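These notes concern the structure reproduced below.
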Amino acid sequence: MLDAKPVVCRPVIPYTRRAPIVRVLEVSSELTITVSWNDATGGNYGAQIWRIRRANHPGVCALTGETIDVGDFVYRPLFGDVPPLNADAMISAESIRAMREASRHELEPA
């Protein structure tokens with residue numbers, strides 16, 4: 001499990017005035033992550049499952065603030081009939097890979 005320290009980000013969704021607090025709680029597999037999303041105007045989701053896919057529109061990574069281009073691999077919230085308020089949010093797959101790599105190095109014996 002990854003360190004669940006909060007990461008305060010730039011606003012990533014047009015309707016938000018404040019940036020959400022985003023925590024990656026777990027990298028469940030190569031395909032899914034569990035995210036805690038707290039936003040005063042965009043909803044609070046304690047353990048939201050996000051799935052990897054290709055970005056179909058440009059955006060900003062909710063963790064790093066880096067630009068996301070069409071076709072980049074990203075994680076987005078899974079949902080059924082009713083989309084969550086953060087349905088358009090994205091987390092760069094590269095930022096998750098970098099987090100996993102960093103946590104592996106922390107666990108290696110010196």
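Right, D88: surrounded by 12 or more Cβ atoms within 10 Å (Cβ to Cβ) and either at pLDDT below 95 or hydrophobic (A, V, I, L, M, F, W, C) (or both) or not?
yes
Quick check on my filter: what residues within the stretch 36-63 are surrounded by 17 or more Cβ atoms within 10 Å (Cβ to Cβ) and either in contact (Cβ under 8 Å) with a residue 40 or more places away in the chain or of a type outside the set (A, V, I, L, M) (or both)?
S36, W37, D39, G42, Y45, Q48, W50, G59, V60, C61, A62, L63, listed by residue number.
Residues are listed down the side, and each one gets a yes or a no for (1) over 13 Å from the mean Cα position of the chain (by Cα); (2) of a type in the set (D, E); (3) assigned to a strand (DSSP E or B):
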site: N38; (1), (2), (3): no, no, yes
site: T41; (1), (2), (3): yes, no, no
site: H57; (1), (2), (3): yes, no, no
site: L85; (1), (2), (3): yes, no, no
site: I96; (1), (2), (3): no, no, no
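Every residue, every condition in (1) modelled with pLDDT under 90; (2) more than 17 Å from D88 (Cβ to Cβ); (3) among the hydroxyl-bearing types (S, T, Y), yes or no:
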| site | (1), (2), (3) |
| --- | --- |
| R10 | yes, no, no |
| P14 | yes, no, no |
| T41 | yes, no, yes |
| Y45 | no, no, yes |
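Does F79 qualify as being in contact with a helix residue (DSSP H, G or I) (Cβ under 6 Å, 6 or more places away or on another chain) and either surrounded by 11 or more Cβ atoms within 10 Å (Cβ to Cβ) or over 19 Å from S29 (Cα atoms) (or both)?
Here the answer is no, as F79 does not meet what is asked.
Being without any contact (Cβ under 8 Å) to a residue 24 or more places away in the chain and either basic (K, R) or over 15 Å from I49 (Cα atoms) (or both) is the filter here; which residues of the stretch 67-80 pass it?
T67, D69, V70, G71, D72, F73 - these are the residues of the stretch 67-80 that are without any contact (Cβ under 8 Å) to a residue 24 or more places away in the chain and either basic (K, R) or over 15 Å from I49 (Cα atoms) (or both).
Residue check, G71 against (1) among the small types (G, A, S); (2) modelled with pLDDT under 90; (3) over 13 Å from the mean Cα position of the chain (by Cα), all met but one. Which one?
Result: G71 fails condition (2) only.
The values are calculated or read from the model by the stated rules, or taken from the named source; none is laboratory data. Every value quoted in this text rests on a predicted model; they were computed, and no experiment measured them. Note that each Cβ is placed from the backbone with ideal geometry, even for glycine, and that neighbours are counted across all protein chains shown.
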